[in-house]
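No lab work stands behind these numbers, since they all come straight from the coordinates. None of these values were measured; they are calculated from a predicted model. Glycine gets a Cβ as well: all are built from the backbone with ideal geometry, and neighbour counts include every protein chain shown.
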Amino acid sequence: MKRDYYAGALISLIGAAVVLNAFNYQIGTLTRMGPGMFPLVLGILMAGVGVLIAANAGEVTADTLDHLDHDASPYPDVRGSLAIIVGMSAFIFLTPTLGFVAGTFTCVFLAAIGDKDASWLGSLLLAGVVTVIGIVVFILGLKMNLPLFRLESFSL
């Protein structure tokens with residue numbers, strides 16, 4: 001359970017660093033937010049989550065112990081981490097060249113198949129839903145200037 005204490009402390013430390021760095025930017029007010037407001041709030045939330053993780057680290061019950069996998073492999077499972085890194089890389093490279101839809105869909109799909117229990121159909125469905133939500137939130141709601149598709153990349 002020491003890992004939970006260390007993880008909570010690390011998350012709190014990163015959150016505190018983000019809060020301190022936010023003061024390098026103009027914070028503004030709640031009605032006229034500056035560029036430092038988002039990192040300030042995010043850092044405060046991270047520090048709070050870290051404290052909660054560390055505070056709950058010592059609570060071990062019989063139910064918790066029953067859910068532990070005693071047949072786990074001694075080797076770390078890197079499949080999920082690699083899938084997330086590949087998915088984020090795909091978003092970074094595909095969005096400017098093919099558009100928001102291709103970048104988002106590919107990112108979420110690749111990250112989703114990193115889960116050992118995920119099916120191809122479930123991953124495709126999740127990628128489609130997250131892409132639609134992204135279009136609604138970022139393109140329609142926040143009016144971000146991101147092209148949905150860049151078909152001119154395929155000129156012959």
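Some notes on this structure:
- Subset tally (residues that are within 27 Å of N56 (Cβ to Cβ) and charged (D, E, K, R)) for the range 12-46: 0
- Those residues of the range 81-118 which are loosely packed, with under 15 Cβ neighbours inside 10 Å and in contact with a Lys or Arg (Cβ under 9 Å, 6 or more places away or on another chain), in sequence order: P96, T97, D115, K116
- Selection from the range 120-145 of residues that are surrounded by fewer than 12 Cβ atoms within 10 Å (Cβ to Cβ) and under 23 Å from S81 (Cβ atoms): W120
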